[in-house]
Amino acid sequence: MLNPDLSLNYSLDHQLSSYDYELPIDRIAQNPVVPRDNSRLLVVESNRNIDHRRFDQLAQILRAGDLLILNDTQVIPARLYGNKPSGMNVEILLIEPRDVNCWLALVKPGKRLPVGSKIIFSQEVKATVIEIDVVTGGRVLEFDLGIDRTMDEVMTELGQIPLPPYINASQADPSQYQTVYAEKKGAIAAPTAGLHFTDRLLAELADLGVAQTRITLHVGIGTFRPVETEDITQHVMHQEWLEVSAQSIDAIKATKARGGRVIGVGTTVARALESSKLEPFRGKTNLMIYPGYEWQVLDGLITNFHLPKSSLLMLVASFLGDRGRERLLDIYAKAIEHQYRFYSFGDAMVIVNQD
C-alpha cells in the first residue's frame with residue numbers, strides 16, 4: 001500500500017487544477033528578443049540549483065560529447081480567411097491533409113458551417129465542407145484550386161503563419177516564428193524552444209564538440225489544445241506526425257555508450273523520442289507524458305515556459321522527477337519574480353544533469 005503522503009501527491013499529480021498558476025499579463029512575450037540567442041535562460045541542475053544565464057551562454061552549460069536533438073519541422077501558412085456566399089467572414093486553420101486537396105481544419109464560426117457549406121477564398125480558390133470531424137470539432141474541407149495550382153502555392157499566396165492567440169500585439173516578422181533550421185513543412189505551430197538558436201550558436205556548440213541531429217514532429221493541435229478533463233490521465237491527445245531516423249537513433253545510442261548526455265530541444269523532441277522507443281519510427285503519436293512516466297532517452301531538456309494546465313507543463317513536471325510538479329511550480333514562481341518572459345516568444349529554461 002502506498003504511503004499516505006505519496007498517495008496524496010500521486011493524486012494531485014493527476015489533477016488538472018494542480019497545474020494552475022497565476023501569470024501577470026505583462027509577462028506574456030508579444031515579440032521575440034533580437035538577436036534570438038539574447039533571450040534569458042533559467043538553468044535547473046539535477047542538484048536542484050537554479051542559475052540565471054543568457055541563451056547564448058549555452059556552450060558553458062553543455063559539454064563535448066553531448067548530443068543536441070533538434071526538431072526541423074517548418075510552420076506552414078495555415079491560417080486562411082474567406083467568406084460564405086452570403087458574405088459572412090470565415091477563418092480557418094488547416095491542421096493536416098486528409099487526401100489530395102482535402103484538409104482537416106478548425107473553422108470559425110464552426111456552428112454556421114455544416115456539411116455542404118461553401119467557402120470562397122479568392123476568385124479561383126474555393127472549398128466545400130464535406131465532413132465534420134468528431135474528435136477535433138473541425139471540418140474536413142475539399143478545395144477547388146482552379147487550374148494547375150497546388151495547396152502549397154495557395155497557402156503561400158493566401159495563407160498566414162498562425163501565431164498563438166495569446167500573441168495579439170506582435171510586430172514580429174513571420175520568419176521570427178521559424179527556427180533557423182526549419183526544413184520540413186507541416187507544422188501549424190513552431191517548436192518554440194528552438195527559436196532561441198542562431199546559426200552562430202549552433203556552430204559554436206559544434207566547435208565545442210556538441211554533436212547535433214534532427215528529428216521531425218509536425219506540431220499540431222495535440223501540442224497546444226487545452227486539457228479539459230480534471231483527471232489528466234483521461235485526456236486524449238490529438239495525433240501528430242513524426243519521423244525519427246535510423247541515423248538519429250544511432251547517434252543517441254553512440255552518445256549514451258560513450259557517457260555523453262542526450263539533450264532534447266523542446267517538448268516535441270521529447271515526445272518524438274519517447275514515442276520511438278529508441279527505434280527508427282515514422283508515423284503518428286498521441287503520447288501524453290505526465291508525472292509518473294518513466295523516461296527512456298533524454299538526459300536534458302531545453303524548453304520554454306508553458307501555459308497553466310497545459311500538457312506541456314505536465315511533461316516538463318514529469319521530467320523533473322520526484323515531486324516534479326511542485327518543483328516546476330516553484331521554478332515558475334521564481335521565473336515570474338525574476339521577470340522572465342513567458343510562452344512562445346519568451347525566454348527559455350534548461351534542465352540538465354550536471355553530474
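The values are calculated or read from the model by the stated rules, or taken from the named source; none is laboratory data. Everything numeric in this text was worked out from a predicted model, so none of it was measured. Don't worry about glycine lacking a Cβ; one is built from the backbone with ideal geometry, like all the others, and counts go over all protein chains shown.
For this structure, a couple of remarks:
- Filtering Gly292, Gly300, Gly283, Gly260 for residues that are over 15 Å from Pro191 (Cβ atoms) and at pLDDT below 95 leaves a single hit, Gly292.
- Test: residue in the stretch 24-37 that is within 23 Å of Gly220 (Cβ to Cβ) and in contact with a strand residue (DSSP E or B) (Cβ under 6 Å, 6 or more places away or on another chain): yes
- Scan of the stretch 114-145 for residues that are closer than 14 Å to Leu104 by Cβ, surrounded by 17 or more Cβ atoms within 10 Å (Cβ to Cβ) and not aliphatic (A, V, I, L, M), ordered by number: Thr136, Gly138, Arg139, Phe143
- From the list Ser39, Ser46, Ser86, Ser11, the lone residue that is out of contact with any Gly (no Cβ under 6 Å at 6 or more places or on another chain), of a type in the set (Ser, Thr, Tyr) and under 28 Å from Asp199 (Cα atoms) is Ser39.
- Pair list, Cβ under 7 Å, 6 or more apart: the stretch 214-240 residue in the same structural domain as Thr267 (by TED's automatic domain parsing), other residue among the acidic types (Asp, Glu) and crowded, with 22+ Cβ neighbours inside 10 Å: Leu217/Glu240; His218/Glu240; Val219/Glu240; Gly220/Glu240; Gly222/Glu240; Thr223/Glu240
- A single entry from Asp152, Asp148 fulfils the requirement of being assigned to a helix (DSSP H, G or I), of a type in the set (D, E, K, R) and surrounded by fewer than 16 Cβ atoms within 10 Å (Cβ to Cβ): Asp152.
- Residue, farthest from Ile147 (Cα to Cα), within the stretch 80-102, restricted to residues that are in contact with an Asp or Glu (Cβ under 7 Å, 6 or more places away or on another chain) and modelled with pLDDT of 95 or more: Tyr81
- Selection of the stretch 249-267 for residues being surrounded by fewer than 22 Cβ atoms within 10 Å (Cβ to Cβ) and hydroxyl-bearing (Ser, Thr, Tyr) yields only Thr255.
- Look at the stretch 305-330: where a residue is in contact (Cβ under 8 Å) with a residue 40 or more places away in the chain and on the phi > 0 side of the Ramachandran plot and a partner is of a type in the set (A, V, I, L, M, F, W, C) and not in a loop (DSSP other than H, G, I, E, B), sitting 6+ places away or on another chain with Cβ atoms under 7 Å, you get Lys309/Leu16.
- Number of positions in the stretch 166-185 that are crowded, with 20+ Cβ neighbours inside 10 Å and within 30 Å of Arg63 (Cβ to Cβ): 2
- Evaluation of Leu163 against (1) in contact with a strand residue (DSSP E or B) (Cβ under 8 Å, 6 or more places away or on another chain); (2) under 21 Å from Ile92 (Cα atoms); (3) buried (at least 19 other Cβ atoms within 10 Å of the Cβ); (4) among the hydrophobic types (A, V, I, L, M, F, W, C) (one fails), failing number: (1)
- Which listed residue is in contact with a Lys or Arg (Cβ under 6 Å, 6 or more places away or on another chain) and farther than 22 Å from Thr179 by Cα, from Asp299, Asp250, Asp322: Asp299
- The set of residues in the stretch 158-173 that are without any contact (Cβ under 8 Å) to a residue 40 or more places away in the chain and either within 24 Å of Asn38 (Cβ to Cβ) or not in a loop (DSSP other than H, G, I, E, B) (or both) contains only Asp173.
- Considered as a group, the residues in the stretch 125-148 that are in contact with a helix residue (DSSP H, G or I) (Cβ under 9 Å, 6 or more places away or on another chain) and on the phi < 0 side of the Ramachandran plot include one that is modelled with the lowest pLDDT, and that residue is Thr136.
- Just so you know, in the stretch 186-238 the residues that are small (Gly, Ala, Ser) and part of a loop (DSSP other than H, G, I, E, B) include one that is surrounded by the fewest Cβ atoms within 10 Å (Cβ to Cβ), and it is Gly209.
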